[in-house]
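Student: Can you read through this structure? Questions will come right after.
Quick note: the coordinates plus some simple rules give every number you see, no bench work behind them. Here the structure is a predicted model, which is why all the values come from computation and not from measurement. For neighbour counting, all protein chains shown are included, and Cβ atoms are generated from backbone atoms with ideal geometry for every residue, glycine included.
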Amino acid sequence: MSPFGGFLMPIQYSSILDEHNAVRTAVGMFDLSHMGQFVAVGERVAPMLDALTANEVASMRPNQARYNIFTNSQGGAHDDVIIYRLPERWLIIVNASNTAKIWDLLTGSLPSGVTLRDRTPESALIALQGPRSQALLQPLTDVDLNSLRYYYATEGDVAGIRAEIARTGYTGEDGFELFIPAGEAPRMWQQLSAAGTAFGLRPAGLGARDVLRLEAGMPLYGHELAEDITPLAAGLDWAVKLDKPDFTGKSALLSQRQRGDYDRIVGLTMGGKAPARTGYPVWRKEERVGEIRSGSPAPALGGKNIATALVRHDAVAPGSELEVEIRGSRHPATVAKLPFYKRAR
Amino acid sequence: MPQPADRKYTKEHEWVKFDGNNAVVGITEYAQSSLGDIVYVELPKPGSKVERSKPIGVVESVKAVSDIYAPVSGTVTEVNSAVEDDPAKVNVDPFGDGWLVKLTLAGAPDGDGLLEATAYDELVNSLSH
């Protein structure tokens, strides 16, 4: 167990490789109750969020979920989040380490008529991720999961427990995230465990989650996104709506995009057996062009080592041959297109 | 689980087994189980000199990089190329087939600073409670 965002969290329950395999081939279950959960209610929630984030909020349909980034005045990322528009309220799910920061940001710019509540202490989050998630969950719920589309959420009963059920995740697989009262979490976990045996369900920890998201090309705050790594640098251009009315950091992002000469996050596949790790220097011949931001062996790619690196704008083309310095020696690495892994649909 | 009594241990969870002027070095059951799935092992070159308590290589799990420290000073005579090819062998049999390095000792066999099996067992028990 490791301390993580004020919670004690298992890095692994059994084996990271086994847990990873369960999510890619069957179903894995994650306890994500450490993540911050804010509820916002009021007519002016969307304009409030639109002024603080890079992606569009106002255009979200009822029951829709959308990835977004809270930006600072330089265009850097305060946090990356998922916003859910439920019929009578908005849910904002933030990274555990950024809960206090985003709470302060939101309460500091609350329009009249908007109420905001931090429900993190009284709400749990359990995720089912993997190709058999729906087969496991459907018999336990009154919601027709076929009609719940990717990045949508609804309310329903799961194993007799009232839940917000979202078809979202952080693994690159189909799956569901279940928001439930904290007091019901042990019962939900046990019921899903029992029902999941027949589907090959395994509990999965933070270690597997990090490998899964890296294979799927998803950023981890503090690694691929940070106060000084903008969403454009992270390659999240699709989530930066520069034609949106003014938002924090918009002018900085506009000029960054116009200049074009900014360091960017790229994927790397490693030639050698040694894994690249966060902070290792990246070289192109005798020039240091960047540094590793995440790295791991990728079981979905036969164990090949993969990484992300923040590199100079002239070293980002897929196929570029670079080198990663590992304990003083150089190892070949090739710039790869992200994501490394995409599920068959 | 009791530790094999035919060898000595470090507080950093290496073991060393003496055989005359030679020694075999590996990591312990506790070390492999704490690390989880081992995916990479980097070992010194045969012929290189190693110094007690200095790093001589690394063992990496999916998430973590751990240094291996030399339990004794000496010269590397052989490294286990089987674990370089298949690092999971260290998980399966850390005290046997998962050995890492063979050395000739720089001096006479010397247990200075090393733990007997019983003392190492106490250390492991204190860590896992």
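Student: Mind checking the full-extension length gain between A:Arg187 and A:Leu242? Use 0.36 nm per residue of separation minus the Cα-Cα distance, one decimal, nm. Numbers along the way, then the final one.
Tutor: On the way: separation 55, 0.36 × 55 = 19.80 nm, distance 4.49 nm.
Length gained between A:Arg187 and A:Leu242: 15.3 nm.
Student: How large is the convex hull of the Cα atoms of segment B:29-99 per residue, expressed in Å³ as a whole number?
Tutor: 80 Å³
Student: Just to check, using Stokes-Einstein with a Kirkwood Rh over alpha carbon pairs, what's the diffusion coefficient of segment A:10-136 at 10 °C and 1.306 mPa s in µm²/s?
Tutor: Details: Rh = 16.0 Å.
Diffusion coefficient, whole number: 99 µm²/s.
Student: If packing is taken as the average number of other Cβ atoms within 10 Å across a peptide's residues, how do A:105-112, A:246-253, B:75-82 rank, most packed first? If you can, show how the numbers build up before the last one.
Tutor: On the way: A:105-112: 12.9, A:246-253: 19.0, B:75-82: 15.9.
For the peptides A:105-112, A:246-253, B:75-82, the packing ranking is A:246-253, B:75-82, A:105-112.
Student: Something else: Amide H neighbours of B:Asn21 under 5 Å, at least 5 residues apart or on other chains, H built in the peptide plane: list them.
Tutor: HN-HN under 5 Å from B:Asn21: empty list.
Student: Still on this model: Debye sum, Cα scatterers, chain A, no solvent: what log₁₀ I/I(0) at q = 0.09, 0.12 1/Å?
Tutor: Result of the Debye calculation: -0.50, -0.89.
Student: Something else: Spin-label point model (7 Å from Cα, Cβ direction): what's the A:Arg149 to A:Arg284 distance in nm?
Tutor: The two pseudo-label positions are separated by 4.0 nm.
Student: Seen from all sides and averaged, what is the projected area of the convex hull of the Cα atoms in segment A:263-339, in nm²? Walk me through the numbers on the way to the answer.
Tutor: Numbers: hull surface 17.4 nm².
Mean projected area of the Cα convex hull: 4.4 nm².
Student: How big is the convex hull of the Cα atoms of chain B, per residue, in Å³? Don't skip to the answer; put the middle values down first.
Tutor: Details: hull volume 11.9 nm³, N = 129.
Considering the Cα atoms of chain B, their hull volume per residue is 92 Å³.
Student: Then there is this: Longer than 31 Å from Cα to Cα, which of A:Lys273/B:Lys49; A:Lys342/B:Lys54; A:Lys285/B:Lys102; B:Lys11/B:Lys89 are they? Say none if no pair is. Don't skip to the end; give the middle numbers.
Tutor: On the way: A:Lys273/B:Lys49 24 Å; A:Lys342/B:Lys54 43 Å; A:Lys285/B:Lys102 36 Å; B:Lys11/B:Lys89 22 Å.
Listed pairs above 31 Å: A:Lys342/B:Lys54; A:Lys285/B:Lys102.
Student: For segment A:152-255, state which GluC sites (Glu not before Pro) are in a DSSP loop and have at most 16 other beta carbons lying within 10 Å of their beta carbon.
Tutor: Sites meeting the loop and neighbour criteria: A:Glu227.
Student: Next up: Over chain B, calculate the relative contact order: mean separation of alpha carbon pairs under 8 Å at least 6 apart, over the residue count, as a percent. Mind dumping the intermediate values first?
Tutor: Numbers: 277 pairs, mean separation 41.9, N = 129.
Reported as a whole number, the value is 32 percent.
Student: At what distance in nm do the modelled label points of A:Gln138 and A:Ser109 sit from each other, each positioned 7 Å from its Cα along Cα→Cβ?
Tutor: It works out to 4.3 nm between the two label points.
Student: Are there trypsin sites (Lys or Arg not before Pro) in segment A:1-89 that DSSP puts in a loop and that have at most 16 other Cβ atoms within 10 Å, and which ones?
Tutor: On the way: sites: A:Arg24, A:Arg44, A:Arg66, A:Arg85, A:Arg89; in loops: A:Arg44.
Counting only loop positions with at most 16 other Cβ atoms within 10 Å, the trypsin sites (Lys or Arg not before Pro) in segment A:1-89 are A:Arg44.
Student: Report the calculated FRET efficiency for A:Lys304 and A:Phe4 (r = Cβ-Cβ distance, R0 = 22 Å), to the nearest 0.05.
Tutor: Details: r = 28 Å, r/R0 = 1.25.
Here the calculated transfer efficiency is 0.20.
Student: Separate question: Of B:Asp93, B:Asp110, B:Asp37, which has the largest mean-square fluctuation in a 10 Å C-alpha GNM of chain B?
Tutor: B:Asp110
Student: Taking R0 as 25 Å, what FRET efficiency do you get between B:Ala5 and B:Ser128 from their Cβ-Cβ distance, rounded to the nearest 0.05? The partial results should precede the final answer.
Tutor: Details: r = 20 Å, r/R0 = 0.79.
Efficiency, rounded to the nearest 0.05: 0.80.
Student: Charges on Cβ only, +1 for Lys and Arg, -1 for Asp and Glu, centred on the Cα centroid of segment B:8-105; of B:Ala31, B:Pro87, B:Pro46, which one is farthest towards the dipole's positive end?
Tutor: B:Pro46
Student: Per residue of A:8-18, count partner chain C-beta atoms within 10 Å of its C-beta, then hand back the mean as an integer.
Tutor: Working: counts 0, 0, 0, 5, 5, 0, 2, 5, 6, 6, 2.
Mean shielding count: 3.
Student: A further question on this structure: Which of these, A:Trp189, A:Trp283, A:Trp238, has the largest mean-square fluctuation under a Gaussian network model of chain A (Cα springs below 10 Å)?
Tutor: Residue with maximal mean-square fluctuation among A:Trp189, A:Trp283, A:Trp238: A:Trp238.
Student: If you stretched the chain out fully between B:Thr118 and B:Glu78, how much longer would it get, using 0.36 nm times the residue separation minus the C-alpha to C-alpha distance? Display every interim value, and only then the final one.
Tutor: Numbers: separation 40, 0.36 × 40 = 14.40 nm, distance 2.86 nm.
Going from the current span to full extension adds 11.5 nm.
Student: If you take the charge dipole of segment A:78-236 about its Cα centre, with +1 on Lys and Arg Cβ and -1 on Asp and Glu Cβ, which of A:Ile126, A:Pro181, A:Leu201 is farthest toward its positive end?
Tutor: In segment A:78-236, that residue is A:Leu201.
Student: Grab the DSSP H runs of chain A that are 4 residues or longer, score each as -39,500 (n - 2.57), total them, divide by all residues and round the 222 nm result to the nearest 500 deg cm²/dmol.
Tutor: Details: 7 runs with 64 residues, N = 345.
When only DSSP H runs of four or more count, the value is -5500 deg cm²/dmol.
Student: Next question, about the same structure. Could you work out the mean count of beta carbons from other protein chains within 10 Å of each residue's beta carbon in A:267-276?
Tutor: On the way: counts 0, 0, 0, 0, 0, 1, 8, 7, 7, 0.
Counting other chains' Cβ atoms within 10 Å and averaging over A:267-276 gives 2.
Student: Which whole-angstrom value gives the distance between the alpha carbon centres of segment A:68-122 and segment A:304-337?
Tutor: Centre-to-centre (Cα) distance: 34 Å.
Student: Would you mind ranking A:Lys304, A:Lys273 so that the residue whose beta carbon has the fewest other beta carbons within 10 Å leads the list?
Tutor: A:Lys304, A:Lys273
Student: Then there is this: Filter the GluC sites (Glu not before Pro) in segment A:1-74 down to the DSSP loop ones having no more than 15 other Cβ atoms within 10 Å, then list what survives. Mind showing how you got there, number by number?
Tutor: Working: sites: A:Glu19, A:Glu43, A:Glu56; in loops: A:Glu43, A:Glu56.
Here the sparse-neighbourhood loop sites are A:Glu43.
Student: What number comes out for the charge environment of A:Val311, summing +1 per Lys or Arg and -1 per Asp or Glu over other residues with Cβ under 11 Å away?
Tutor: Details: positive: A:Arg264, A:Arg284, A:Arg288, A:Arg293, A:Arg312; negative: A:Asp263, A:Glu287, A:Glu291, A:Asp314.
Combined, the nearby Lys, Arg, Asp and Glu give +1.
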